[in-house]
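The values are calculated or read from the model by the stated rules, or taken from the named source; none is laboratory data. In this text, all values refer to a predicted model and were calculated from it rather than measured experimentally. Here Cβ is always computed from backbone atoms with ideal geometry, including for glycine, and neighbour counts include all displayed protein chains. These area figures cover heavy atoms from the full protein model, side chains too; ligands, DNA and RNA do not enter into them. Shrake-Rupley method; radii C 1.70, N 1.55, O 1.52, S 1.80 Å.
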Amino acid sequence: MLKEENICKLLNGLNDLIDENPEKGKKGWRPSGNAAEDVLAHTAPYKLKEKERLQGILSDLQSQNKLLKDALRAKQTRLQNTQQRIEQKAEQWKQIDEMADRFDVEEAKQFLVKYSNYSSIR
């Protein structure tokens, strides 16, 4: 079986590869016994891709959030302006109401009779 599979030639080829290796004498990588540490090199690329994807989503959400904040500020400004106009109109109506309460119809008739040419007012 050794002759059939040519094991001696393969082993000699392996020895040649070992002799050509510039890092001869250094120990190769072996598991440390800590599975989380050992798997890190294999999972890091996937985690980096996921991090980039999540950062893209985050930047999209942040830009949408900025647009929404700007729109909200504009609507709040318009609302404040509308509230001020309503308050001004309400104050004007209040003044008109107070004037109407003080208005004396008889006094107005006398004024009109005195300064008017129309006799139908009397």
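Treating the angle as unsigned and between 0 and 90°, give the value, to the nearest 10°, between the Cα long axis of helix 35-102 and the longest Cα principal axis of the chain.
For 35-102 against the chain, the angle is about 0 degrees.
In whole Å, what three semi-axes, largest first, describe the equivalent ellipsoid of the chain built from its Cα gyration tensor (square root of 5 times each eigenvalue)?
Semi-axis lengths for the chain are 104, 13, 11 Å.
Treating only the Cβ atoms of Lys and Arg (+1) and Asp and Glu (-1) as charged, compute the dipole magnitude of the chain about its Cα centre; round to the nearest 20 debye.
So the magnitude is around 380 debye.
Probe of 1.4 angstrom, ligands and nucleic acids ignored: what's the accessible area per residue over the chain, in square angstrom?
101
How large a share of the accessible area of the chain, in percent, is made up of carbon and sulfur atoms when the probe is 1.4 Å and the other protein chains stay in place?
After summing per-atom areas, the C and S share lands at 57 percent.
What's the FRET efficiency of Ala108 with Asn81 using the Cβ-Cβ distance as r and R₀ = 30 Å, to the nearest 0.05?
The pair Ala108/Asn81 has a calculated efficiency of 0.20.
Classify region 14-62 as rounded, prolate or oblate from the Cα gyration tensor: take a ≥ b ≥ c as the square roots of its eigenvalues, call it rounded if a/c is under 1.5, otherwise prolate when a/b beats b/c and oblate if not.
Prolate is the answer for region 14-62, as a/c is 1.5 or above and a/b outweighs b/c.
Rounded to the nearest 500 deg cm²/dmol, what is the calculated helix-only ellipticity per residue at 222 nm for the chain, with -39500 (n - 2.57) per DSSP H run of length n ≥ 4?
Here the helix-only value at 222 nm equals -28000 deg cm²/dmol.
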